[in-house]
């Protein structure tokens, strides 16, 4: 999958960049609730998801009363 073909934002996820979007999409993650079902470590292990994307996701999770597992 070419990241240029991906939208800049998926579902209710904040804009985190196309490489991170592609990694989450490939893992079947398209919502904040699904993100909350994973740990930071699990998501960082996905190629394309880096510390900046994790910080953005964590802030969005907190805004919705959610958090990463573990």
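The values are calculated or read from the model by the stated rules, or taken from the named source; none is laboratory data. Keep in mind it's a predicted model, so treat the numbers as computed, not measured. All Cβ positions, glycine included, derive from the backbone under ideal geometry; neighbour counts span all protein chains shown.
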Could you grab the pairs with beta carbons closer than 9 Å, sequence gap of 6+ or different chains, first residue in segment 41-70 and touching a residue at least 40 places away in the same chain (Cβ under 8 Å) and on the phi > 0 side of the Ramachandran plot, second one loosely packed, with under 11 Cβ neighbours inside 10 Å and not in a loop (DSSP other than H, G, I, E, B)? none
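Residue by residue, here is whether (1) under 9 Å from the mean Cα position of the chain (by Cα); (2) at pLDDT below 95 holds:
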position	(1), (2)
8	no, yes
17	no, yes
33	no, no
36	no, no
45	no, no
50	no, no
57	yes, no
63	no, no
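Which of the helices (runs of 4 or more DSSP H) contained wholly in segment 30-70 include at least 3 residues that are out of contact with any helix residue (DSSP H, G or I) (no Cβ under 9 Å at 6 or more places or on another chain) and surrounded by fewer than 15 Cβ atoms within 10 Å (Cβ to Cβ)?
Fully inside segment 30-70 and qualifying: 51-63.
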